[in-house]
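What follows is calculated from the coordinates using simple rules that are stated; it is not laboratory data. What you see is a predicted model, and the numbers here were worked out from it, not measured in a lab. All Cβ positions, glycine included, derive from the backbone under ideal geometry; neighbour counts span all protein chains shown.
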Amino acid sequence: MGVAIRTAGQGDRDQVVRLLDGAFQHDPVSSWVFPGEEYRRATHPRLMAAFTDAVLADGRIDLTEDGSACALWLPVPAGDHGDGGDGAGPEDDGPAMVRREVDPDNERVELIGRLTAGIHPSDRAHAYLWMIGVAPERQGEGLGTTLIESALDRCDREGLPAYLEASNADSRRLYQRLGFDLVGRPLQLPDGPLMWPMWREPRPPTP
């Protein structure tokens, strides 16, 4: 599939936030964090902005040239759960900071960060696919697959494993087709949906 992919920069921030907001408005996990469509429409973009800013600062955003799909990747060193905490105390860690920035009265904004950090592998350095979003009108065209395959080729060249949490059954099946395996038990969000932790070992380069 001939899709041009580039690395997003600060000038692409607003476009990436809009893209992620549209792609995840009806995702089961986003619906759990922000129950109610009106509330979600008003508040969800702030969470997507926080995620985008974090990855622009410390990771890499792959963006299709036409702006219809993006993937947010973070490098995670061995021994790091990827929660953004710096050890300074509960009020200064990543999930608490995001909650204060996004929606202080919504404990689920913080809880989702703590729960996913709690299942995040920490024994080996890896690339973490935090989010991948495709514009609703372009879903089903293979754009997400193309973005992931491009990044996985990069992981294979670097000998780096990849990790993610699938937020719905359809994405879980896609990731399995791309070589990810389920690891451990699914994460059951309180009174909410499942998330599936998945891991992919790097593959030797094709001769």
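When the Cα positions of L111, P35, Y175 are compared along the charge dipole of the chain, Y175 comes out farthest toward the positive end, with charges on each C-beta of Lys, Arg, Asp and Glu. Each residue of the range 160-169 was assigned a 3J(HN,Hα) from its phi angle through the Karplus curve 6.51 cos²θ - 1.76 cosθ + 1.60 (θ = phi - 60°); the sequence is 10, x, 10, 9, 7, 10, 6, 9, 7, 5 Hz, with glycine and proline shown as x.
Positive-end ranking of L20, S150, A57 along the dipole of the range 1-158, with charges on Cβ about the Cα centre, is headed by S150.
Cα gyration tensor of the range 1-139, axes a ≥ b ≥ c as square roots of the eigenvalues: rounded (a/c below 1.5), prolate (a/b > b/c) or oblate? Mind dumping the intermediate values first?
Values: a/c = 1.87, a/b = 1.17, b/c = 1.59.
The shape class here is oblate.
Exposure proxy for H44, H120: other Cβ atoms within 10 Å of each Cβ, ordered fewest to most, give H120, H44. The value of relative contact order for the chain, using C-alpha pairs under 8 Å at least six residues apart, is 21 percent. Once you sort the root eigenvalues of the Cα gyration tensor of the range 151-207 as a ≥ b ≥ c, which label holds: rounded (a/c under 1.5), prolate (a/b larger than b/c) or oblate (the other case)? Prolate shape, in that a/c is at least 1.5 and a/b is the bigger ratio. You can think of it this way: the chain between E201 and E101 has 32.5 nm of extra reach, that is 0.36 nm per residue less the Cα-Cα gap.
Treating only the Cβ of Lys, Arg, Asp and Glu as charged (+1, +1, -1, -1), what charge dipole size does the range 1-139 show about its Cα centre? Round to the nearest 20 debye. Walk me through the intermediate numbers first.
Values: 13 positive and 24 negative charges, 67 e Å.
About 320 debye.
Computed from phi, the 3J(HN,Hα) profile of the range 32-47 under the Karplus parametrisation 6.51, -1.76, 1.60 (θ = phi - 60°) reads 6, 5, 10, x, x, 5, 5, 4, 5, 4, 7, 10, 3, x, 5, 5 Hz, with x in place of Gly and Pro. A simple spin-label model places pseudo-atoms 7 Å from Cα toward Cβ; at Q188 and Q139 they are separated by 2.6 nm.
Only Lys, Arg, Asp and Glu carry charge here, each on its Cβ (+1 for the first two, -1 for the last two); on that basis the range 54-207 has a dipole of about 620 debye about its Cα centre.
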